[in-house]
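Trainee: Have a look at the structure that comes next, please.
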Amino acid sequence: MALPEIPLYLDRAHRDLQAAESNLRQGFYAVAVTRGYYAMFYAASALLVSKGISRSRHSGVLSAFAEHFVKVGLIETEYAKVLGHAFDSRLDSDYDITFTTERALAEEVLQDAQRFVDRAEEYLRQAGAL
């Protein structure tokens, strides 16, 4: 069943992917990492909403995604790993003043984010939620 929140979350995910790409091109690697993570966060939130699940904290979204999608085999394990890696990278980029975000990390997170959003949309289409 399609819910109105799902396309809204996915729209945010796509806008954050575009922002990540733009920031990467401009050399703002920390911002690119953050926006890449948020693209995944919003796509994961869309997945959760499709099952009537809502979490307000980032850690809650990550754990609920793992519990309700990965552990039960609906989404492959690699997606929980890239989401967790992006979350940790975002924390380092945003809050660790001594951390230098390199271009390679920003590129990796952006590629992972694109795959994550694509996979979330594929699942939602197959489940009839889009």
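Trainee: With the requirement that a residue be over 20 Å from Lys81 (Cβ atoms), aliphatic (A, V, I, L, M) and assigned to a helix (DSSP H, G or I), what does segment 1-29 give you?
Mentor: Keep residues of segment 1-29 that are over 20 Å from Lys81 (Cβ atoms), which gives 1-12, 14-15, 18-19, 21-29.
Subset that is aliphatic (A, V, I, L, M): 1-3, 6, 8, 10, 19, 24.
Hits for segment 1-29 are Ile6, Leu8, Leu10, Ala19, Leu24.
Trainee: Check Ala32, Ala64 and return the single one that is part of a helix (DSSP H, G or I) and within 23 Å of Asp94 (Cα to Cα).
Mentor: Step by step, each of Ala32, Ala64 is checked, and only Ala32 is part of a helix (DSSP H, G or I) and within 23 Å of Asp94 (Cα to Cα).
Trainee: Next up: Within segment 21-74, track down each residue that is more than 23 Å from Gln126 (Cα to Cα), more than 16 Å from the chain's Cα centre (by Cα) and surrounded by fewer than 16 Cβ atoms within 10 Å (Cβ to Cβ).
Mentor: Ser22, Arg25, Gln26, Gly27
Trainee: Tell me yes or no: at least one residue of segment 77-88 is in contact with a His (Cβ under 7 Å, 6 or more places away or on another chain), of a type in the set (Phe, Trp, Tyr) and in contact (Cβ under 8 Å) with a residue 24 or more places away in the chain. Write out each step before concluding.
Mentor: Of all residues in segment 77-88, those in contact with a His (Cβ under 7 Å, 6 or more places away or on another chain) come to 87.
Okay, now just the ones that are also of a type in the set (Phe, Trp, Tyr), so 87.
Cutting the leftovers down to in contact (Cβ under 8 Å) with a residue 24 or more places away in the chain gives us 87.
Yes.
Trainee: Something else now. Restricting the first residue to segment 43-63 and requiring it to be over 14 Å from Tyr9 (Cβ atoms), which pairs with a second residue that is surrounded by 14 or more Cβ atoms within 10 Å (Cβ to Cβ) and among the aromatic types (Phe, Trp, Tyr) meet a Cβ separation below 7 Å and a spacing of at least six or different chains?
Mentor: Note: pairs meeting the criteria are His58/Phe41; His58/Phe87; Leu62/Phe87.
Trainee: For segment 100-125, how many residues are in contact (Cβ under 8 Å) with a residue 40 or more places away in the chain and surrounded by 15 or more Cβ atoms within 10 Å (Cβ to Cβ)?
Mentor: Filtering segment 100-125 for residues in contact (Cβ under 8 Å) with a residue 40 or more places away in the chain gives 101-103, 105-107, 109-110, 112-114, 116-117, 119-121, 123-124.
Those left that are additionally surrounded by 15 or more Cβ atoms within 10 Å (Cβ to Cβ): 101, 105-107, 109-110, 112-114, 116-117, 119-121, 123-124.
Summing the residues that are in contact (Cβ under 8 Å) with a residue 40 or more places away in the chain and surrounded by 15 or more Cβ atoms within 10 Å (Cβ to Cβ) in segment 100-125 gives 16.
Trainee: Return the only residue of Val72, Val109 being part of a helix (DSSP H, G or I) and either β-branched (Val, Ile, Thr) or on the phi > 0 side of the Ramachandran plot (or both). It would help to see each step written out before you state the result.
Mentor: Values: Val72 fails: part of a helix (DSSP H, G or I).
From the options Val72, Val109, the qualifying one is Val109.
No value in this document is a laboratory result; all are computed from the given coordinates. As the structure is a prediction and not an experimental result, all values here were calculated from the model. Methodologically, a virtual Cβ is constructed for each residue, glycine included, from the backbone with ideal geometry; neighbour enumeration extends over all protein chains shown.
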